[in-house]
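K.L.:
Below: one structure in structure tokens.
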Amino acid sequence: GATASDHLLDGLNPQQREAVEYRGKALLIVAGAGSGKTRVLTHRIASLIENREAWPSQILAITFTNKAAAEMRERVEDLLGGRTEGMWISTFHSACVRILRREAENVGFSKNFTIYDSSDSRVLLKRIIKRHDADMFGFTPANASARISKLKNELADADGYARNANMSDPNEVAFVEIFRDYQRELQRASAFDFDDLIAQTVYLFRAFPQVAALYQKKFRYVLVDEYQDTNHAQYSLIRELTREPEGDGFLPGTLEGASLTVVGDSDQSIYAFRGADIRNIVEFERDFTGAKVILLEQNYRSTQNILSAANAVISNNFDRKDKKLWTDIGDGDKIIGFTGYSGHDEAQFVADEIERLHRNGVAYGDVAVFYRTNAQTRALEEIFVRSALPYKIMGGTKFYERAEIKDAFAYLTAVMNPADELAVRRIINTPKRGLGPATITQLASFAENAETTLRESLREASTLGFGPKVTRAISDLSAVLDEAVALADAGRVSEVLTTLMQKSGLIDSLRMSRDPQDEARAENIDELVAVTKEFERNNPDGTLLDFLTEVSLVAAADDLDDASGTVSLMTLHTAKGLEYDSVFLTGIEEDLLPHRMSANEPGGPSEERRLFYVGITRARKRLFLSLAMTRAQYGETAVAMPSRYLQEIPAELIEWRQSPGSVNSRGGTQSRALNANRWSQTRGTDAAALPRAEKKEWPNKVTNSVRDNGDLELAAGDRIRHTDFGEGRVQNVTGEGTKRVAHVQFDNAGAKKLLIKIAPIEKL
Ligand code: ATP
Ligand code: MG
């Protein structure tokens, strides 16, 4: 019976209103893509505040990415005209970091703990695996880290795992030792890896009910977006947070548990590989008794053609409840399909189409390009740079992954958390100051015997019998760190960073180097200084700790940058929850989508189909599906087959275009005039506006789309004709079977390498 918030109910359909107004303890909203789930969450938060049912500080809203959190905060602010201060709108990880910073000492960590990203974890695991000679059992940093991560997401620790493992199996014994050592070293370094952030918060709450009660009392309303992708640890965290707080002896436990709202769509569950569990949705009603369930069915995002394609694709997953989304937006444009000869050709198509949209008034910021694997960005970036198309890679952690940036961070980390041995090891001889592995080992064993840290051992250099040069180098480094610690207490982050970079000699070593790459590295460090200054502007009271926290969370998850005015490139996983007017889904091929690794996973192909569904449903008005006939991947160029999922889209919804560099396999070489003619028939008068002159018809049946030269025999010296490059002479043939490549010197087009099986060539 709200009145003050009536304007918050305008622009909502009856089911959405009911969801905003419901005031029971537990609410589950399940609905397909684009049906307004996130919008309902936003309006619900605003309505709680506007009706004075909650203070902003009593609200905890969990989103899947930092970007989504920033957007949600902005929307709530718009609806309320401010008044979001103190509200927690964040990812699971950010919320847990905030809690752990306050309570770290309860779990035996310093509040200045470091957050290890996956590459830090792997460096650590590499050392541990070596120590145990565990590579003999096939352990690598990557696979050990994946196994540990999975266990942590299930809240299993090393001891718990060992109890159930078959410890007569040496392989299992080795794994348990790795897991134990890894955890011990994290603890010693006062570091959490990403999975720990969640798991340790749950342990904290379970071990210290009075600590849990603080948060249970604080957060009266907990709201979770993208609930289908919560894993067991995240689910447990929500359970702990929404429990009835235990009485503290003075006040009996009179307070009820918090009100919980979750929204999700089991068709968009795409993180099973990280332990996400759709059952969390299915079993919500059982876990939260008396829960209200609301379904939403109208989609407000996409045109009917896009929605029909999405519905058709997802209906092939057998283990789902059928729900049909509808829209009254109208059919809209057909989906455009394109088959390129190569990944480059495909990228060129994407760039050309974006330019065309842009000429027709579409802003770059309304366009997104999605792909399954990060490797696919290379071709896209190359073409985009060449075409001077403004773009931004979202969720791209590239900058923070650079070695020199990691070095700079290691310096900052060593200042903030001297226990972090990984950081100290990284900077000890960076830049080179003559401290080799033997010296480091000696320092480390001194630290171990004296039960102190590697950082502290640097102070003892003069007592350890090193030569004068080595002693001097160690003491200098130690002095630089001390100076930075003093600065960090008083001064600004940018000063700490510049002092470290100058006095450690790192920046000079890059500037003075003859390696041209080092110049770019020095520029990257300057860029990092700019990042710290930006941080200071946005957070006048921000400390070094705040800065490192923000960066480690952003770098690992996604980007906070404003990307209006640029085309957004991202993986399908990153795309979840977002929407764009025009969407390009690239690389719709077997081995990419479904990804070849998914074949070995139970439920893998279904999960990949959901990923495709997520991609399709991001588009508002225009959807482009593209693929290539050859794909450079895993270091070689191979024949690519159209994705099985393409055939699940009704043919009448897609209009196929073909690459000018390829020909119809069954039709052989067709006359260009005929093709141009057919093309203009299918495209009507628009053909003249096409950036390419020679578009050809492409059959609707994508299964035909791969040319097959079968076992065309070619040898050095043969003359061939290529549909685009003209005549040439084969120089050499390499590779075998379907991967045979002809190295051809064309008379007019230069040297090319062609995959014989599918290249549009004939022997003369
Ligand atoms: P996803 O499953 O992809 O996360 P969602 O269910 O969270 O989607 P929203 O992002 O909340 O959907 O909404 C999709 C789009 O539809 C948004 O642009 C939103 O503003 C708009 N929308 C939602 N409900 C309505 C409505 N009742 N009237 C007009 N527009 C709406
Ligand atoms: Mg959403």
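K.L.:
Please list, ordered by first then second residue, the pairs with beta carbon atoms under 9 Å, 6 or more apart or interchain, first in the range 10-34 and in contact (Cβ under 8 Å) with a residue 24 or more places away in the chain, second within 9 Å of ligand 1 (Cβ to nearest atom) and of a type in the set (Phe, Trp, Tyr).
P.N.:
Here the result reads ASN13/TYR300; GLY34/TYR300, each pair linking the range 10-34 to a residue that is within 9 Å of ligand 1 (Cβ to nearest atom) and of a type in the set (Phe, Trp, Tyr).
K.L.:
Which residue, of GLU483, GLU448, GLU519, is under 34 Å from the mean Cα position of the chain (by Cα) and of a type outside the set (Lys, Arg)?
P.N.:
Just a single option satisfies the conditions, and that option is GLU519.
K.L.:
Sticking with this one: When you go through ALA628, ALA599 one by one, which is the residue that is surrounded by fewer than 22 Cβ atoms within 10 Å (Cβ to Cβ) and over 20 Å from the mean Cα position of the chain (by Cα)?
P.N.:
Details: ALA628 fails: surrounded by fewer than 22 Cβ atoms within 10 Å (Cβ to Cβ).
Answer to the check: ALA599.
K.L.:
Being touching a Lys or Arg at 6+ places or on another chain (Cβ under 6 Å) and more than 16 Å from ligand 2 (Cβ to nearest atom) is the filter here; which residues of the range 269-302 pass it?
P.N.:
Passing the criteria: only GLY275.
K.L.:
Report the residue count in the range 55-89 for those that are hydroxyl-bearing (Ser, Thr, Tyr) and within 24 Å of GLN228 (Cα to Cα).
P.N.:
Within the range 55-89, residues that are hydroxyl-bearing (Ser, Thr, Tyr) and within 24 Å of GLN228 (Cα to Cα) number 2.
K.L.:
Is it true that VAL262 is within 16 Å of ligand 1 (Cβ to nearest atom) and either within 30 Å of GLY577 (Cα to Cα) or surrounded by fewer than 21 Cβ atoms within 10 Å (Cβ to Cβ) (or both)? Give the steps one after another, and end with the answer.
P.N.:
On the way: within 16 Å of ligand 1 (Cβ to nearest atom): yes; either within 30 Å of GLY577 (Cα to Cα) or surrounded by fewer than 21 Cβ atoms within 10 Å (Cβ to Cβ) (or both): yes.
Yes; evaluated as a whole, the condition is true for this residue.
K.L.:
Suppose we filter the range 267-301 for residues that are closer than 24 Å to PRO605 by Cβ, within 14 Å of ligand 1 (Cβ to nearest atom) and touching a strand residue (DSSP E or B) at 6+ places or on another chain (Cβ under 7 Å); how many remain?
P.N.:
Of the residues in that region, 2 qualify.
K.L.:
Does GLN228 meet the test of being within 16 Å of ligand 2 (Cβ to nearest atom), in a helix (DSSP H, G or I) and under 26 Å from the mean Cα position of the chain (by Cα)? Even if it seems obvious, please write down each step before you answer.
P.N.:
Working: within 16 Å of ligand 2 (Cβ to nearest atom): yes; in a helix (DSSP H, G or I): yes; under 26 Å from the mean Cα position of the chain (by Cα): yes.
So GLN228 passes the test.
K.L.:
Out of all the residues in the range 56-76, is one or more within 27 Å of the chain's Cα centre (by Cα), away from ligand 1 (no atom under 16 Å from the Cβ) and hydrophobic (A, V, I, L, M, F, W, C)?
P.N.:
So far as the range 56-76 goes, yes, one or more of its residues are within 27 Å of the chain's Cα centre (by Cα), away from ligand 1 (no atom under 16 Å from the Cβ) and hydrophobic (A, V, I, L, M, F, W, C).
K.L.:
Could I ask something else about it? Is it true that GLY82 is more than 16 Å from ligand 1 (Cβ to nearest atom), touching a residue at least 12 places away in the same chain (Cβ under 8 Å), at positive phi and of a type outside the set (A, V, I, L, M)?
P.N.:
Numbers: more than 16 Å from ligand 1 (Cβ to nearest atom): yes; touching a residue at least 12 places away in the same chain (Cβ under 8 Å): no; at positive phi: yes; of a type outside the set (A, V, I, L, M): yes.
The answer is no for GLY82.
K.L.:
How about the range 27-122: which helices (runs of 4 or more DSSP H) wholly inside it have at least 1 residues that are away from ligand 2 (no atom under 16 Å from the Cβ) and buried (at least 22 other Cβ atoms within 10 Å of the Cβ)?
P.N.:
Details: elements: 37-50, 66-80, 92-103.
Output list reads 37-50, 92-103.
No value in this document is a laboratory result; all are computed from the given coordinates. These numbers were taken from a predicted model, which means no experiment stands behind them. Note that we place each Cβ from the backbone using ideal geometry, even for glycine, and neighbour counts take in every protein chain shown.
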